[in-house]
Structures are given as C-alpha cells and as structure tokens.
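A.B. asks: Mind looking over this structure? Questions follow.
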Amino acid sequence: VQLQACGGGLAQAGGSLRISCAVIGNIFRINAMGWYRQAPEKQRVLVAAVTSGGSTNYADSVKGRFTISRDNVKNTLYLQMNSLKPEDTGVYYCNLVDERRLSFWGQGTLVTVSS
C-alpha cells in the first residue's frame with residue numbers, strides 16, 4: 001500500500017490550499033484516515049481524521065477552517081484548508097489505519113503559510 005500526498009505549497013495568511021492523498025494498492029478495509037502536521041522541530045500532531053463511518057475529528061486549532069473528506073471511488077483523501085495562518089506551516093502527512101489496525105503513512109507534503 002502506498003499513500004501519495006500532493007497539493008502542498010506556499011500560501012499567504014488568509015488564503016486556501018487543498019492537499020490530497022491517493023491510496024494505491026490493495027488494502028484491507030479502511031478503519032480511519034487522517035492528516036497529521038509536523039512543524040519544524042516539533043512533534044507530529046493530528047490535524048483531522050475521518051472514520052470509515054464518516055465521523056470527523058479536528059484539532060481545536062483548525063476547527064471551522066479545515067475540512068477533511070474522502071472520495072471512496074477514487075480512494076483519495078482530501079484536506080481543504082481555508083483562512084490559513086502562519087502556524088499552519090509544516091509537513092502534512094496522510095495516514096491510513098486498516099481493519100487490522102495496521103498504520104500506513106504517506107511521504108508528506110510541505111505547506112508554508114507566509115504572514
């Protein structure tokens with residue numbers, strides 16, 4: 001299984017970006033997928049997650065600004081990021097946990113928000 005993330009880049013504060021993560025390969029049933037962010041010299045933290053049932057969970061810092069979604073036909077995970085802030089800067093990693101509780105990570109995509 002491979003997770004290919006793309007869509008990162010440079011945005012100004014107040015702007016928007018959408019990042020995506022394509023799931024490639026044969027997988028067991030997906031339990032949940034999510035986006036994590038790792039800022040420079042900081043630990044990787046959960047930004048948003050969505051379960052197989054469609055329930056979503058967001059970090060307090062992004063609630064009301066970010067939206068996580070899945071396209072089950074395209075096997076792709078998205079993160080729409082609006083009203084971006086400089087503190088949203090970091091490498092965003094997509095994650096997949098399958099029914100066996102195995103965890104898979106994408107290679108990360110860099111998001112930089114300038115003030």
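The values are calculated or read from the model by the stated rules, or taken from the named source; none is laboratory data. Just so we're clear, the structure is a prediction, and the values are computed from it rather than from any experiment. Using ideal geometry, Cβ is built from the backbone for each residue, glycine included, and neighbour counts are taken over all protein chains shown. These area figures cover heavy atoms from the full protein model, side chains too; ligands, DNA and RNA do not enter into them. Shrake-Rupley method; radii C 1.70, N 1.55, O 1.52, S 1.80 Å.
A.B. asks: Taking the Cα centroid of region 34-81 and of region 90-115, what is the distance between the two, rounded to the nearest whole Å?
C.D. replies: 9 Å
A.B. asks: Students sometimes get this wrong: rank 71, 60 by accessible area, probe 1.4 Å, all chains present, largest first.
C.D. replies: 60, 71
A.B. asks: When the accessible area of the chain is split by element with a 1.4 Å probe, what percent falls to carbon and sulfur?
C.D. replies: 47 percent
A.B. asks: In straight Cα distance, which aspartates and glutamates are under 14 Å from residue 42, not counting same-chain residues fewer than 8 positions off?
C.D. replies: Of all the aspartates and glutamates, those that pass the test against residue 42 - Cα under 14 Å, at least 8 places apart if same chain - are 87, 88.
A.B. asks: Below 8 Å, C-alpha to C-alpha, sequence gap of six or more: please give me the relative contact order for the chain in percent. All intermediate terms of the calculation are to be shown ahead of the outcome.
C.D. replies: Values: 287 pairs, mean separation 43.4, N = 115.
Once normalised by length, the contact order is 38 percent.
A.B. asks: Which value, in debye to the nearest 20, describes the size of the charge dipole of the chain about its Cα centre when Lys and Arg Cβ atoms bear +1, Asp and Glu Cβ atoms bear -1, and nothing else is charged?
C.D. replies: 120 debye
A.B. asks: Something else: Let me cross-check residue 63: its accessible surface, 1.4 Å probe, with only protein heavy atoms counted, in Å² to the nearest 10?
C.D. replies: 120 Å²
A.B. asks: Among 14, 66, 33, whose Cα projects farthest towards the positive end of the dipole of the chain, with charges put on the beta-carbon of Lys, Arg (+1) and Asp, Glu (-1)?
C.D. replies: 33
A.B. asks: Could I ask something else about it? How much length, in nm to one decimal, is gained on full extension between residue 39 and residue 87, taken as 0.36 nm per residue of separation minus their Cα-Cα distance?
C.D. replies: 16.4 nm
A.B. asks: Follow-up. Please work out the average accessible area per residue across region 10-59, using the 1.4 Å probe convention, and give it in Å². List each step's numbers first, then the result.
C.D. replies: Values: 3000 Å² over 50 residues.
For region 10-59, the solvent-accessible area averages 60 Å² per residue.
A.B. asks: Over the residues of the chain, compute the C-alpha Rg and express it relative to 2.2 N^0.38 Å. Let's see the in-between values first.
C.D. replies: Numbers: Rg = 13.4 Å, N = 115, 2.2 N^0.38 = 13.4 Å.
The chain yields a ratio of 1.00.
A.B. asks: Still on this structure, please answer the following. With θ set to phi - 60° and the Karplus curve 6.51 cos²θ - 1.76 cosθ + 1.60, what are the ³J(HN,Hα) couplings of region 26-40 in order, to the nearest whole Hz, using x for Gly and Pro?
C.D. replies: 7, 10, 5, 4, 7, 8, 7, 9, x, 10, 10, 10, 10, 7, x
A.B. asks: Please identify which residues in region 75-103 have an amide N closer than 16 Å to a label point set 7 Å out from the Cα of residue 56, following the Cα→Cβ vector.
C.D. replies: 76-84
A.B. asks: Now for a separate question. Per the chain: cysteines with no other Cys C-beta under 4.7 angstrom?
C.D. replies: 6
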